[in-house]
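The values are calculated or read from the model by the stated rules, or taken from the named source; none is laboratory data. Note that the structure is predicted; figures quoted are calculated from it, not measured. Methodologically, a virtual Cβ is constructed for each residue, glycine included, from the backbone with ideal geometry; neighbour enumeration extends over all protein chains shown. Heavy atoms of the whole protein, side chains included, go into the accessibility calculation; ligands, DNA and RNA do not. Shrake-Rupley method; radii C 1.70, N 1.55, O 1.52, S 1.80 Å.
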Amino acid sequence: MSSHQPWYHGNITRSMAEDLLSKEAKDGSFLLRDSESIQGAYALCVLYQNCVYTYRILPNEEKKLSVQASEGVPIRFFSVLSDLVEAYYKENMGLVTHLQYPVQKEEEPEEEPEAVSVPPLPPRNVPANESRESHADPGRAIEPSRPSVLDSYHQRLQLVDMSHISEEHQKAIQDYFCSAVSLDADQVQNGNPTLPNLKKLVMTICKSLNSEISRTLPVLETVQKLVDQPQSPGGGRLRGQLSVDSSQSVAFRLEQITKLIYSIEDKTKNAVFESVGYDGGHRKSLIPPVTFEVKLDSLGISNKMFLKVDVEGGKVYFKKSKDGPEDKYFVHNKILQLVKSQKMQTKLVIVVETEKEKTQRKEFVFNDTKKREGFSQLLQQMKNKHSGKPEPDMISVFVGTWNMGNANPPHNISSWFQSKGQGKTRDDTANHIPHDIYVIGTQEDPLGEKEWIDTVRSTLRDITNISFKQVATQTLWNIRIVVLAKPEHENRISHVFSDSVKTGIANALGNKGAVGVSFMFNGTSFGFVNSHLTSGSEKKFRRNQNYISILRFLNLGDKKVNPFDITHRFTHLFWLGDLNYRVDLPPGEAENIVTKIKQQQYQELLSRDQLNIEKGSGNIFLDYEEEEITFPPTYRFERETRERYAYTKAKATGTKYNLPSWCDRVLRKSYPMVHVACHSYGCTTDIMTSDHSPVFATFDVGVTSQFVSKNDPTKDSQGAIKFMNCVATLMTKSKTKFFIEYHSSCLEKFVKGPDGENQDCREGFIKVRFGTQVELTPIIADPEYLLDQHILISIKSADSDESYGETCVALRSAEIAYTEFDVILTHHGERTGTLTGGIQLRTSEGKQTEKLYDFIKVGDDSGASKGKSGDNSNKSFMVLPTDISNPSYMGVGYKGSSVSSRVGASGHGAKDGGSGNMSPKKTGYDHSVCSPTGKTSSPVSEDGQPPEMFDNPLYGSMGKARCGKDQEISRKDHLSPSEIFAFPKPPDSDSDRVPPVPTPRNRSFTCSESKPQNPSSVPTATSSSSSSLQPLSFTKKPVVPSRSEGGMIMSGKPPLPMKNRQDPQPQLKPRDYRDSSELPCKIRPPTRPGQPLPKDGHHETQPPKTGRPLK
C-alpha cells in the first residue's frame, strides 16, 4: 500500500530513522517506518528544532489508521497512509509541527547477479547464422582457436595406442576428435552447451553397457519396491519410468544404479533392525575398551603404565604392561575427579577413593594432548552412562557446516562427523563416542531433502550403530539445516520451530539467506541458524546487513518473548554457515597468503579476517564466542584436491580473485553462567567434491531438567527475586519515558516495572534512573531449580512500547547475597547502552546436587606440583575454574556487596571486570571449557588462616591493607534476613496487556545531536553516584552446609572431592566457581557459613557440619 511512497522506509530500525532525520536538519522533515512493537502499525518520525518526535499510527478493528497526537486533538481515521500524510501537511493537527519535507529512502546499490555456469542463450527467434553474422567480430576472434583445438586432438590421436580396441570404436573416436568436435564448438557458441556429438560418441562406445543397464535397472527397481515403505508408491512409479527411459545419458543411468543399490542396502538394514527390535539406542551403542600408554610420576620416578578404559563396564584398569593382568581397577563411582594441568598439556591428575574417607591423587603424563582429551572424554562418557540420573544435566552437540558447491557428496563422509582433519580435532580413541544431537548445515546443496537426510543418518549409523531420529529440517532453496537426536532423547525434545529468511537480491531471492531450528531440551532452549551470506570480498557491509536482517526477522523460539530477537531467546544459540567473510588483503598478496598457509602461519591472516574485524568493531555477532581457529582456510580449493587453492576466476568483466579465506564458521552465544565446553573445531581433508571443506565443531553443553520440587509445598517458603537501583544509559536522542520489563520461564508472567526518571541527556545519550525496587515471585523457590534460571530484561519506551535495549542476568550471580551487575544493552544486534543495578535472591531451604560436568577441572600447577602421587588424604589440591560461560555476557559483570573478606583471602578478586567480553586469548585458562557450578577448595593453612596472597596475571596483584579494611566494612554493613526481605507487597501489575488503542498521550521528542560512532564512549554511572544507590549490605540466612562447604574450614582440613553415592545420605553440593578467587567477572560472594558471621548478623543457626574425619 505504501511501499511506493518516498517517505515510507519500511522496516528500518529506530536508530537509523533518527540518523536520517538528523542528517536532513530541517524542521518539518519526516519519514514513516514500521513499528517494532506492533504488527501492522507504523511510526511517524518528525524533526523539529533538532529534536525527533515519534508518533504511533495504529490500525483499528476496521483497519482504519489514526495518529496518537497531543491531548485535546480530535482523532481522525484514514483508509490509507497517503491520505493520512496529506492531511498532516496542514498546521494545527496535533503534531509538534506540520509535515513539510519527506526524507527520501536511501537507494541500496544493486547487487550483481551470481555468475551462471551456463553460457547465455542467443536472442529468441534469431536464426543461428544471423546471430553469427551480427556478431562477426567475436566470430573472427574465436575462429582461430578451432584449428588449434582440432590440431591438438589430432596430435594426441597420433600418440595414443588404439590397437587393443575394436575398429568400430576407433573410427567413432577419430571421427569425433578430427571433425565433429568443431560442430560441438559451434553449438556452444550459439548457446547450446550439451555437446550432442560427444553424447553420440559415448552412446556408441557404451552400446553394450547401455543394454546391460537396461536389463539390470528394472531388476534393482523391483527389489527397491520390495524394501520401500508401502505409503510411497509414487516413488516406485517414478523409478519405473526411469528404467524404460533409455534416452538418458549413460552417466545418469549409472548414477541411478549406484543410488538404488545404496538405497536398497540402507532400507533393508533398517527393516532388519526394526524386525529384531534393534533401535540403535544409547544402551546398544557399545563403546569398545580403549587402552592408553602413559607415564606415572611417583616419588620423582617416571614409570610406564597402561590405562584401560571400559566405558560399558564402568571401570578403569591400571596395568603395568599392555597385556598384563587386569586385577587392579577403579569402578566409576570411585573415580572422583579429573584435574587437567594448565602448564603441561599432557598431564592429568586422577583423584580416586582408595578406601572409605581416603582419596588418592595419581599423576599421569600422556603421549600428547589429544590422547589426554580422548581419555578425559571417555571417562566423562563413563560417568554420564553410569550416573544413575533419570535426566542428563549435560549433552554433547555436533555442529557441522558445508558448502557443497552444487556437487553430490562422496560416498564416505564419516570423517566430518568424527571430527577428523585439521585444527582442533578429536582423538581416534573418542571415535565411538556418539553425540546426543547432530546439527548439519549445508549451502549450495544439490540433493533432495529426503536423500540428504538418509545419507547423513546412514553415515551416523555406520559410525555409532545408532539410528538417529529426525528432530527438524528446514530448506530455503539450496540452504538446509537438519537436526538429528538420539532415540532416547525423543521425549525430551519439544517446542520445535523452524523458519527461514531470504537475503538475496532485494531480499526476495533465497539463493542467500538463512534457515533456523529451535527446540527445548527438557528445560533448556536451543537455537541453530545456518546462513549463506552475500559473496565477494568487497561486500562485507552487505554481509553485515544480511546478518542484521536474519537477526531481526528469523522467527524462532518462545513467542512470549517478542521484545527479544534470537540473540536473547535461547540458553544456547549456535550460528553456522558459509558466512563468506574474506581475508582482507589485496589480490597481489595471493601467493604470499598461500605460502603462509603452507607454513601454518594463520594468526597474521586471521588478523585481516573480515569477520574478526567486524566482530571486534561491534558491527556483527556482538559477544558471540568462536573457538580459536587452528585450521587452514576452507575456501577456495580446486575440486578433488586439498593441495591447491583456486584463487582466480575468469569472468566477463575480467579476472576475479577469491583469496583463500575462512568462509565457513561456527559461532555460539549462551546465557551467562551456564556450562559450555568446546572439544573440537576444524575441517576435513578428505572430502573434496566441493571448493569448500566441511567444518565441524563439538560441544558439551549444560542442560536443566523439568523440575519437580521434593519439598512439601505447604511448608515451602516463597522465593523472591528483587531488582533495585537500576540505572540505564541509552544511546538515543529520545526523551520519552522508559520502563523495564522482566521476562523469564521461572515467572508466571512477565512483569512491567514503573516508569523511570530521565536525569541526563547529552551527546546522544540519556540516563534513566529506576528508583523503585521491583520484586519478582518465582513459580518455584527451590534453589535446585532457581539458580539455573535467567531473567531477560527489556528497556522499553512508554509511548511506543518499543524496546531500546535488552540483556540477560543470571540468578546464580546472586546465590550468596545482594550482587551488583553492570551489563551491556543491545537491540537488533547493535549495542544501545548499559544497565547497572543490584539483584538479591531468596530461595527455600535446599541445595543443588552435583553436576556431571564438574567431573573435569583445570588444576593449579603451582599447588599440584608441591604434592606427590600417592595417599592424599591430608593434603589439599587446588582446582581452578576454567571459565564461567559468558561471564561478560553482553558485557555483564557482577560484584558482591559484602564480600571483601572473601576477596582479601583470594588475593585478586577485587578487580572489577570490564564491561566487554573477556577474550580467551588474553588469559591463561582453557576457555574452551566453561562451568557455572564447579566449586573450588579454598586453600587454608594449618592454623586456619588464609594463605598468603599471590598474583594472578589476569587480575594483577593485590595488597593486604585493603583486605583488612574491607573486612571491617563488610561486617558492619550486614543486615538480618528479616530486615532484608521485609518487602512491601508490590502493586498488581496489569499482566494481561490489552491491545493498544488510539488514545491521546503526551508527546515524546528526541534530541538530534550527532550520534557518537564509538560504542565504547557510552557514559556509565560514576562510582560516587552508584555508591549512593547501594543499599546496606546483607547476607542470606545460611543453609546448613554440606560436607564440601564451610565445615572444612572449621576443621582446618581440605575439602574432599565429590563422589557419587546411592545411599540416602544428603547429596553433596558441587564445587562452585563462584567460590573461587579466580572468578573472571564481577561476582564477589561473601563468606560461606563456616566462616565468621558479621557482627550485626542475627542468624540463629546450628553449627555447621564439619568435614568427614580422615583416617
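Before moving on, here are some points about what is shown:
- Rounded to the nearest 10 square angstrom, SER745 shows an accessible area of 90 square angstrom against a 1.4 Å probe.
- The range 569-615: Cα Rg divided by the 2.2 N^0.38 Å rule of thumb: 1.47
- Under Karplus coefficients 6.51, -1.76 and 1.60, residue-wise ³J(HN,Hα) of the range 669-675 in Hz, glycine/proline x: 8, 10, 4, x, 6, 10, 8
- Divided by 2.2 N^0.38 Å, where N counts the residues, the Cα radius of gyration of the range 643-757 comes to 1.95.
- The figure for HIS169 is an accessible area of roughly 50 square angstrom, using a 1.4 Å probe on the protein chains alone.
- Sorted largest first by accessible area at a 1.4 angstrom probe radius, with every protein chain in place, the residues ILE795, ILE463 fall in the order ILE463, ILE795.
- With R₀ set to 51 Å, the beta-carbon distance separating LYS63 from ALA407 gives a calculated FRET efficiency near 0.55.
- Violating pairs (Cα-Cα greater than 25 angstrom) within the set LYS560/LYS722; LYS23/LYS733; LYS560/LYS851; LYS389/LYS560; LYS752/LYS847: LYS560/LYS851; LYS389/LYS560; LYS752/LYS847
- A cut-off under 10 angstrom between Cβ atoms defines the neighbours of LEU835, and their net charge, with Lys, Arg +1 and Asp, Glu -1, is -2.
- Net charge contributed by nearby residues that have their C-beta within less than 10 Å of PRO632 (K/R +1, D/E -1): +3
- The range 800-848 - percent relative contact order, Cα under 8 Å, separation 6 or more: 35 percent
- When ASP499, ASP454 are compared by accessible surface with a 1.4 Å probe, the order from highest to lowest is ASP454, ASP499.
- Solvent-accessible surface (1.4 angstrom probe) belonging to PHE570, in square angstrom, nearest 10: 10 Å²
- Amide H within-cut-off set for ASP799, under 5 Å, with H built and near neighbours excluded: LYS737
- Solvent-free Debye scattering, log10 I(q)/I(0), computed from the Cα coordinates of the range 308-384 at q = 0.13, 0.17, 0.25 Å⁻¹: -0.39, -0.68, -1.36
- Net charge contributed by nearby residues that have their C-beta within less than 13 Å of ASP393 (K/R +1, D/E -1): -3
- Note, ³J(HN,Hα) from phi for the range 654-667, Karplus 6.51, -1.76, 1.60, rounded to Hz, x at Gly and Pro: x, 7, 9, 9, 10, 5, x, 8, 8, 6, 9, 9, 9, 10
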